[in-house]
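Asks: I'd like to ask some things about the structure below.
None of the figures in this text is laboratory data; all of them are computed from the coordinates on show. Computed from a prediction, not measured in an experiment: that's the story for all the values here. Cβ atoms come from the backbone with ideal geometry, glycine included; neighbour counts cover every protein chain shown.
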Amino acid sequence: AQLEQLKKLKTEITRFLMMYKFALDEIETKVEILKEEFQALHDYSPIEHTKSRLKSPESIMKKLYRKNINISLPDIKENIKDIAGLRITCSFISDIYKVQSMLENQDDLTILEIKDYIRSPKPNGYKSLHMLVEVPVFMSDRQERVCVEIQIRTIAMDFWASLEHKIFYKYNQSVPEQLLQELKDAADAADELDHKMERLHTDIKEIKESQVLDMGDELSS
Ligand code: 0O2
């Protein structure tokens, strides 16, 4: 009887994790469609690249322990919202909000929460736009709404966050004060670069538009 119970539990856990993988597959397809469509119509895409990840069982267990959550599948589903994660990297800050609104316009997605760490960065300098969305997943015998965390950031924000993440773990989460200050300075430098790139991007767009207008004038005269 115990073996039967263990087998049943294994099936339940496998189905549970698969559900997150399917949700992630769906969101990835949605984002890929947006990327290709935008590229085809505008000869440019606000999405540079995407990366998805499923939280490892070990990391889920750590979070359960840290947040004092019961080890049961319904409790995990209710409390751990980033089992499925998609990171979208954009070239420019304005692209981040374009992608946000394109996702908000998708009827089958429910937006549960938006955390804008760009307008309100974390004290360490972390910037990103986090969206918690729910997507319907259709399986052979049931339908479930599954949560996916989408992080949208620029290339510069991503560069900073990956280094900070490495340093944070290297120092076992207690980073020396001096290094924290340097990381904050690096975050400010990344932010300055993002704004400079955005200005250049706008200038280039304006030049292109005025060239098109000039060509129109020439053709009509
Ligand atoms: P990993 O390894 O990327 O999965 P919670 O998720 O409940 O612990 P909260 O405040 O609800 O906490 O989540 P929040 O602020 O939305 O951030 C969750 C994720 O954002 C993190 O996941 C990181 O990926 C990223 N993040 C948030 N703050 C920082 C930061 O200061 N530096 C870096 N590099 N990344 C950050 P995990 O599970 O912590 O890590």
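Asks: With each run of n ≥ 4 DSSP H residues scored as -39500 (n - 2.57), what mean residue ellipticity at 222 nm is computed for the chain after dividing by its residue count and rounding to the nearest 500 deg cm²/dmol?
Replies: -20500 deg cm²/dmol
Asks: Let me ask another. Using 10 Å bins from zero, what percent of all Cα-Cα pairs in the chain falls into each bin?
Replies: Calculated over all Cα pairs of the chain, the distribution is 7, 25, 30, 21, 10, 4, 2, 0, 0 percent.
Asks: Give the percent of DSSP beta bridges with both residues in the range 52-202 that are antiparallel, rounded to the nearest 5.
Replies: In the range 52-202, approximately 75 percent of DSSP beta bridges are antiparallel ones.
Asks: As a quick test, which of the pairs K63/K184; K8/K62; K21/K81; K30/K51 have an alpha carbon distance above 20 angstrom in this structure?
Replies: With Cα atoms farther than 20 Å apart: K63/K184; K8/K62.
Asks: Positive end of the charge dipole of the chain (Lys, Arg +1 and Asp, Glu -1 on Cβ, about the Cα centre): tell me which of S91, H195, F16 has its Cα farthest that way.
Replies: Result: F16, furthest along the dipole toward the positive end.
Asks: Taking the 0 to 90 degree range and rounding to the nearest ten, how far is the long axis of helix 177-220 tilted relative to the main principal axis of the chain, both from C-alpha atoms?
Replies: Helix 177-220 and the main axis of the chain meet at about 50 degrees.
Asks: So, one more: Treating only the Cβ atoms of Lys and Arg (+1) and Asp and Glu (-1) as charged, compute the dipole magnitude of the chain about its Cα centre; round to the nearest 20 debye.
Replies: Roughly 1600 debye, rounded to the nearest 20.
Asks: How many percent of all Cα-Cα pairs in the range 51-123 sit more than 17 Å apart?
Replies: More than 17 Å apart: 60 percent of the Cα pairs in the range 51-123.
Asks: With charges only on Cβ, +1 for K and R and -1 for D and E, what is the dipole size of the range 44-141 about its Cα centre, in debye, rounded to 20?
Replies: In debye, rounded to 20, the range 44-141 gives about 660.
Asks: Hey, if you put +1 on the Cβ of every Lys and Arg and -1 on every Asp and Glu Cβ in the range 84-221, which of T154, S210, Q178 ends up farthest toward the positive end of that dipole?
Replies: Sorting the options by dipole projection puts first Q178.
Asks: Would you mind calculating the relative contact order of the chain from Cα pairs under 8 angstrom and at least 6 residues apart, reporting the percent as a whole number?
Replies: 18 percent
Asks: Please report how far the C-alpha centroid of the range 173-193 lies from that of the range 91-116, rounded to the nearest whole angstrom.
Replies: So the two Cα centres are separated by 27 Å.
Asks: Mind checking the angle between helix 93-104 and the chain's longest principal axis? C-alpha axes, 0 to 90 degrees, to the nearest 10.
Replies: The answer is roughly 50 degrees.
Asks: Sorting K30, K196 on the 10 Å Cβ count, fewest up front, what's the list?
Replies: If I rank by nearby Cβ atoms, fewest first, I get K196, K30.
Asks: Turning to a different aspect of this structure: Can you sort S128, S221, S162, S59 by how many other beta carbons sit within 10 Å, fewest first?
Replies: S221, S162, S59, S128
Asks: Could you give each residue of the range 144-150 its phi-based ³J(HN,Hα) in whole Hz, using Karplus coefficients 6.51, -1.76, 1.60 with θ = phi - 60°, and x for Gly or Pro?
Replies: Ordered by residue, 3J(HN,Hα) equals 10, 9, 10, 8, 10, 9, 10 Hz.
Asks: Next up: How big is the C-alpha Rg of the range 170-209 next to the rule-of-thumb value 2.2 N^0.38 Å, as a ratio?
Replies: Normalised Cα radius of gyration, the range 170-209: 1.87.
Asks: Give me the angle, in degrees from 0 to 90, between the Cα long axis of helix 57-66 and the longest principal axis of the Cα atoms of the chain, rounded to the nearest 10.
Replies: With both axes taken from Cα atoms, the answer is about 80 degrees.
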